[in-house]
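Note sheet for the following structure.
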Amino acid sequence: MASQPFDDASVAAYYDTLNSWGPGDDFHLGLVRAADSVLDIGCGTGQLLRRARAEGHPGRLTGLDPAAAMLVQAREGAPDVEWVLGDTRSRRWRGEFTLAVMTGHAFQQLIRDEDVRQCLGAVREALAEGGRFAFETRNPEVRPWERWTPDRVRTITGPDGAGIRVHHDITHGPADGLVGFTETYTCASWPAPRVGRNTLRFLGTGELDHFLTEAGLRTTARYGDWDRSLLGPASPEIITIAEAAP
């Protein structure tokens with residue numbers, strides 16, 4: 001389903017530069033600050049939990065990610081946070097967290113119904129009664145994939161001063177809510193480009209709420225952007241906060 005270049009330690013070192021702190025991180029950080037115990041699913045290099053701990057969050061912070069190279073970066077930044085290698089199939093918790101988050105549109109990596117059901121079931125199991133789950137997906141109504149074209153090249157400078165160029169190519173879709181693409185990273189000091197292959201699923205609010213209800217989660221808030229504006233047809237995001245139902 002996916003091949004991520006960030007599994008490579010030489011690329012993972014650039015992740016935070018490529019994915020710099022933004023409004024979405026501020027949004028989720030506000031939720032983390034108010035929670036006693038937090039599970040960050042697909043935490044990557046752990047920017048969110050590292051920032052929370054640096055600010056003095058005293059509670060339990062747990063980051064879960066399947067890429068070992070990413071967790072190396074996370075541990076170096078905050079060794080006192082619990083960093084766990086794996087995913088919601090291999091790692092399970094029971095009623096231990098007051099908040100679970102999936103940031104960076106990680107929820108869209110769940111491309112099959114069974115993947116969505118399994119993940120949401122694990123989230124519900126991990127949450128204490130009344131615990132909350134926050135995540136976002138890109139709004140399919142604005143067709144963001146149409147802007148993922150090779151001529152849109154992004155160039156960044158990594159912590160070692162090297163320049164990296166990034167571009168995307170759509171490989172298939174949209175079909176049945178699925179869009180496939182490649183993400184190519186090029187650096188003059190690398191022998192060859194690193195290419196990631198991925199497929200994302202775009203779900204509407206009706207489908208999302210169906211899966212959430214099925215898992216024992218109840219939508220309590222929904223926004224169309226990080227300023228908490230109402231969701232509309234032109235909103236770039238579908239931001240959902242759900243609560244563990246009794």
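The values are calculated or read from the model by the stated rules, or taken from the named source; none is laboratory data. These figures come from a predicted structure and were not determined experimentally. Cβ placement follows ideal geometry from the backbone for every residue including glycine, while neighbour counts extend to all protein chains displayed. Keep in mind that these areas ignore ligands, DNA and RNA; they rest on the heavy atoms of the full protein, side chains included. Shrake-Rupley method; radii C 1.70, N 1.55, O 1.52, S 1.80 Å.
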Fill in: Calculated from backbone phi, Karplus (6.51, -1.76, 1.60) coupling profile of the stretch 185-194 in Hz, x at Gly/Pro
10, 10, 9, 4, 8, 8, x, 7, x, 9
Practice prompt. Mind telling me which of Cys43, Cys119, Cys187 comes out most flexible in a GNM of the chain, alpha-carbon contacts under 10 Å?
Written response: Cys187
Worksheet entry | Max mean-square fluctuation residue, GNM over the chain, Cα-Cα springs under 10 Å, options Asn198, Asn139, Asn19 | Asn19
Worksheet, complete the sentence: Note on the chain: contact order normalised by length, alpha-carbon pairs under 8 Å, 6 or more apart, percent, works out to 19 percent
Item to complete: Would you grab the residues whose amide H sits under 5 Å from the one on Ser37? Only those 5+ places off in sequence or on another chain, please, with H modelled 1.01 Å from N.
Response: Thr98, Leu99
Worksheet, complete the sentence: Ordered by number, the trypsin sites (Lys or Arg not before Pro) in the stretch 69-177 that occupy a DSSP loop and have at most 15 other Cβ atoms within 10 Å are Arg89, Arg92, Arg94, Arg112, Arg152
Discussion item. 5 Å is the cut-off here: which amide hydrogens, built 1.01 Å from N in the peptide plane, fall below it relative to Leu231, excluding neighbours closer than 5 in sequence?
Written reply: Gly224
Discussion item. Please list, in order along the stretch 55-62, the HN-Hα scalar couplings obtained from phi with the Karplus expression 6.51 cos²θ - 1.76 cosθ + 1.60 (θ = phi - 60°), rounded to whole Hz, x for Gly and Pro.
Written reply: 7, x, 4, x, x, 7, 10, 10
Worksheet entry | Cα gyration tensor shape for the chain, rounded if a/c is under 1.5, else prolate or oblate | oblate
Worksheet entry | Karplus-derived 3J(HN,Hα), 6.51/-1.76/1.60, for each residue of the stretch 122-138, Hz, glycine and proline x | 5, 4, 4, 5, 6, 7, 6, 4, x, x, 10, 10, 10, 7, 9, 10, 6
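Counting other C-beta atoms within 10 Å, and keeping those with at most 13, which DSSP coil GluC sites (Glu not before Pro) do you find in the stretch 46-131? Spell out each step's value before the answer.
Details: sites: Glu55, Glu76, Glu82, Glu96, Glu114, Glu125, Glu129; in loops: Glu55, Glu96.
Loop-located and lightly packed - Glu55.
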Worksheet item: Taking amide H positions as placed 1.01 Å from N in the peptide plane, with prolines and chain starts having none, which residues 5 or more places from Val84, or on another chain, fall under 5 Å of its amide H?
Response: Gly63, Leu64, Asp65
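Suppose all protein chains stay in the model; what accessible area per residue would a 1.4 Å probe give for the chain, in Å²? Don't skip to the answer; put the middle values down first.
Working: 11360 Å² over 246 residues.
Here the residues of the chain average 46 Å² of exposed surface.
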Worksheet entry | Percent carbon-and-sulfur accessible area, the stretch 143-242, ignoring ligands, DNA and RNA, probe 1.4 Å | 52 percent
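Quote the relative contact order of the stretch 160-200 in percent (integer), defining contacts as alpha-carbon pairs under 8 Å separated by 6+ residues. Mind showing how you got there, number by number?
Working: 70 pairs, mean separation 14.9, N = 41.
Worked out over the stretch 160-200, it gives 36 percent.
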Worksheet item: Which residue, Leu39, Leu230, Leu99, tops the fluctuation ranking in a GNM of the chain built on C-alpha contacts under 10 Å?
Response: Leu230
Fill in: Which of Cys187, Gly121, Thr155, positive extreme of dipole for the chain (C-beta unit charges)
Cys187
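Considering only DSSP states other than H, G, I, E and B, which trypsin sites (Lys or Arg not before Pro) in the stretch 178-208 qualify as loop sites with at most 13 other Cβ atoms within 10 Å? Intermediate results must be reported in sequence, preceding the final value.
Working: sites: Arg194, Arg197, Arg201; in loops: none.
Sparse-neighbourhood loop trypsin sites (Lys or Arg not before Pro): none present.
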